Amino acid sequence: MKVLDEEKTKDAIKKLAEQIYSFYKDYKNKTRSELPNLAAIGIKTGGDILAYRLSDILSDMGLPILQRGSLDIALYRDDLEIRGSKIRVEKTDINFDINNYEIILVDDVIHTGRTIRAALDALMDLGRPQAVRLAVLVDRNQRLLPIQPDFVGIKMDEPTNYVQVKLKELDGEECIIIGREKAG
Amino acid sequence: MTTNEAKEKGLKWNRKHLLGIEELSAEEILYILDTAEGFSDVATRSIKKVPALRGKVVVNLFFEDSTRTRTSFTLAAQRLSADVIEFSSRLSSLSKGETLLDTARNIEAMGVDIIVIRHSAPGAPHYLAKHLKVSVVNAGDGAHEHPTQALLDLYTIRKIKGKIDGLKVAIVGDIAHSRVARSNIWGLTKLGAEVVLVGPTTLVPKSMKSLGVEISYNLDDILPYVDVINMLRIQRERISSNVFPSFEEYKRLFGLNKERLKKAKPDVLVMHPGPINRGVELTSEVADGPNSAILKQVSNGLAIRMAVLFLVNQASEHAL
């Protein structure tokens, strides 16, 4: 098991923000109308906190993120029948018309790709965004669906059995726990 | 217990049926209200459907007339992408003498997942839950319980007042014959509200004090102290019976009009489970006025019923 401490976790988030920034940097110094209206939407829970953090960092860097939101995917999961009452429904908070935005979809960890599939379906039920780009802090490199992130903070070299991202706002501490063996 | 506390304790919903509020814990009630929050915006989106109950079948088994509750359950099921079958006792084999259980068993044999039942006999949903494998949701059983109405009332109060604990709530009218009152009393007291029942002596049984509520026969006395007034519907068929005061007398003593409302707190919440007898329980000025939450109750009813259908289905999947 390996633990990335708070500083290294913050570095990974910074690295993720820089990738997003450089993807859009061509727009810099051009008029605003040419830069797509960007919105960061995070998948609950974890992704929503990251989306807020990334918005702040990117806006500070000079890439304006105009809207923020959080997406709950419980009702769109493909394992509702397997996980039964373990699934908790939470509120989606997206208070803008996503049709006019290019969405940066944010999650803490990408694993099989099933969560992202559900998130895309949930998002499309809210409208037709101009584009959706996927940003993840950690890629476990173990996909079961043909879904790949556009921006990655840390990518595992080989499939990884266990990754947990802890964020101050949610867990009171900040670190990334990476284990080859399943913890707990 | 606050929402977050309930969440942190990792509480789960494990009930395959929703039969009444009486058997639920405060945490379970809050769990339903919290889950309903997640469904509250489905009605305002461009696509008013979520796929959570795709491929499931819900039957509305209604042995009593109902427009609001039935429509609400139908729409709730449809918004969860379930298929819905409407069943009315008048058009059924019941008129040919089939028993309730036989009817329900036949419906179950067709591959149904959830039965929503309204019946004039108290305990009918419990009876079905005991004998069937499918999930059963009580949509009103005699004068016993109407759990989804109480849940949507609680949800509406919490949404507008920000809390339930510590509020003073008056339930006004024909308490003795009201399943809405009974379910509301259970729910409100479990969540820490103080409940006062108000109505004519013949319609507010003293024995209900054992449920932990106060009783008053004078609406004007309690008006200045309450945060919520839930006006029950007067069932017109009872008006001629001898337990009921005259129509005019009821209106004069227990009807809510603009003048009488002035005695209440300025932000008092006026609720009514519907359908309203305009000019009897409420004047139009009050029913359509700024204190009224009546239409919000109807909208919130959808979110609550979606949450209930979703939760009972999840619990039954888990049990497999």
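Within the range A:44-61, none of the residues are surrounded by 21 or more Cβ atoms within 10 Å (Cβ to Cβ), within 14 Å of chain B (Cβ to nearest Cβ), in contact with a helix residue (DSSP H, G or I) (Cβ under 6 Å, 6 or more places away or on another chain) and of a type outside the set (Asp, Glu). Reported count of residues in the range B:25-51, each being out of contact with any Phe, Trp or Tyr (no Cβ under 8 Å at 6 or more places or on another chain) and either more than 7 Å from chain A (Cβ to nearest Cβ) or under 16 Å from B:Met306 (Cβ atoms) (or both), is 17. Taking the range B:212-251 as the range and being loosely packed, with under 14 Cβ neighbours inside 10 Å, under 21 Å from the mean Cα position of the chain (by Cα) and modelled with pLDDT of 85 or more as the test, only B:Gly212 passes. Which one is farthest from the other protein chains (Cβ to nearest Cβ) among residues in the range B:52-91 that are under 29 Å from A:Asn95 (Cβ atoms) and surrounded by fewer than 18 Cβ atoms within 10 Å (Cβ to Cβ)? So the residue we want is B:Thr71. Mind checking whether some residue in the range A:70-77 is in contact with a Gly (Cβ under 9 Å, 6 or more places away or on another chain), more than 14 Å from every other protein chain (Cβ to nearest Cβ), at pLDDT 95 or above and surrounded by 18 or more Cβ atoms within 10 Å (Cβ to Cβ)? No. Restrict the check to the range A:20-40 and report whether at least one residue is over 14 Å from the mean Cα position of the chain (by Cα), charged (D, E, K, R) and either part of a loop (DSSP other than H, G, I, E, B) or buried (at least 21 other Cβ atoms within 10 Å of the Cβ) (or both). Scanning the range A:20-40, I find at least one residue that is over 14 Å from the mean Cα position of the chain (by Cα), charged (D, E, K, R) and either part of a loop (DSSP other than H, G, I, E, B) or buried (at least 21 other Cβ atoms within 10 Å of the Cβ) (or both), so the answer is yes. Among the criteria (1) away from every other protein chain (no Cβ under 14 Å); (2) surrounded by 15 or more Cβ atoms within 10 Å (Cβ to Cβ); (3) in contact with a Phe, Trp or Tyr (Cβ under 7 Å, 6 or more places away or on another chain), the one A:Ser85 does not fulfil is (1).
The values are calculated or read from the model by the stated rules, or taken from the named source; none is laboratory data. Since we're looking at a predicted model, the values are computed, not measured. No Cβ is skipped: glycine too gets one built from the backbone with ideal geometry, and neighbour counts run over all protein chains shown.
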